[in-house]
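Chemist: To start, I am sharing the structure in question, which I have written as structure tokens.
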Amino acid sequence: MRPYLVNTQPPPSRRSRRTRRPQSARRPPATRSPSVPYKLSWALIGLFLTIGGTFVVAFITNLPWKWAEEGIQVYSLNVNYQIAAVLLVACLGGPLAGSLAQLAYIAVGLSGLQVFYLGGGINYVQEPAFGYLLGFIPGAWLCGLLAFKRDVQLESLAYSCLCGLLAIHVTGILYLIGLHLFSAIGGGWAALWSDFLNLSVHILPGQLAIVCAVSVLAYILRRLMFY
């Protein structure tokens, strides 16, 4: 005969049974990240969007309720759609897709194809704006990383785009400092200040407007694509 098994452990109290929750209920659901083939496809899309956005000037129109009286008036933002392509692909494809797209864009431009705003080729590294092109890589990576950290919200996407834009400008400014102050082709403090105003200060309002538009568009597309 088998002996009876006696449970020597005391039964759980009512308080512990009430407060005990399953482990899955305590963890917030993570945002679903795109698959690897999906990321690579977004990297390819980002490459073509960045090339195309280089030569298209961003603009806005007057308020829609004034179209009947004043007509449709177009105002340039004094920037192109490069930044929009960088941030949008990062928000939709993630950090890998965004950074790969910009790495491929720079490699194509340095190989000699005229995909940069002022041309292409290896000598383009002497251009003051090249540092901002290099900033596309960490900017896209940071924007994509933050965009998939939380659930899809307009505020989080806007914050991700702002951080990506900040990374682009920090990289570009550091490149300007090294180019003008620590290289033989530099122009000193006067040239550094002039390029800083032209490449960071004067175009910043237009880029902030693009950040707002990209955040809204990325939010809509993420909702439509269910991730």
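Chemist: In the range 153-227, which helices (runs of 4 or more DSSP H) lie fully inside it and hold 2 or more residues that are among the β-branched types (Val, Ile, Thr), touching a helix residue (DSSP H, G or I) at 6+ places or on another chain (Cβ under 9 Å) and closer than 23 Å to residue 126 by Cβ? Outline the logic, then answer.
Modeler: Details: elements: 154-181, 188-196, 204-224.
Answer list for the range 153-227: 154-181.
Chemist: Right, here's the next one. Please go through the range 80-97 and give me each residue that is within 16 Å of residue 166 (Cα to Cα) and touching a residue at least 60 places away in the same chain (Cβ under 8 Å), ordered by number. First the steps, then the outcome.
Modeler: Filtering the range 80-97 down to residues within 16 Å of residue 166 (Cα to Cα) leaves 82-88, 90-91, 95.
Selection gives 83, 84, 86, 87, 88, 90, 91.
Chemist: I've got another one for you. Just to be sure I understand, how many residues within the range 81-131 are in a loop (DSSP other than H, G, I, E, B) and either under 11 Å from the mean Cα position of the chain (by Cα) or not aromatic (Phe, Trp, Tyr) (or both)? First the steps, then the outcome.
Modeler: From the range 81-131, those in a loop (DSSP other than H, G, I, E, B) are 81, 111-115, 117-118, 120-121, 127-129; that's our starting set.
Retained after the next criterion (residues that are either under 11 Å from the mean Cα position of the chain (by Cα) or not aromatic (Phe, Trp, Tyr) (or both)): 111-115, 118, 120-121, 127-129.
Counting residues in the range 81-131 that are in a loop (DSSP other than H, G, I, E, B) and either under 11 Å from the mean Cα position of the chain (by Cα) or not aromatic (Phe, Trp, Tyr) (or both) gives 11.
Chemist: Quick one: what pairs do we get from the range 165-183, first residue closer than 23 Å to residue 84 by Cβ, second of a type in the set (Ser, Thr, Tyr) and in a helix (DSSP H, G or I), C-beta under 8 Å, 6+ apart or different chains?
Modeler: The qualifying pairs are 168/132; 169/132; 169/200; 171/132; 172/132; 172/200; 173/200; 175/132.
Chemist: Just checking, does the range 121-144 include any residue being free of Cβ contacts under 8 Å to residues at least 40 places away in the same chain and under 15 Å from residue 217 (Cα atoms)?
Modeler: no
Chemist: Suppose the filter is under 16 Å from residue 208 (Cα atoms) and modelled with pLDDT of 95 or more; does residue 105 pass it? Give the steps one after another, and end with the answer.
Modeler: Details: under 16 Å from residue 208 (Cα atoms): no; modelled with pLDDT of 95 or more: yes.
The answer is no for residue 105.
The values are calculated or read from the model by the stated rules, or taken from the named source; none is laboratory data. Please read these numbers as outputs of a predicted model, since none were measured by experiment. With ideal geometry, Cβ positions are generated from the backbone for all residues, glycine too; neighbour counts draw on all protein chains shown.
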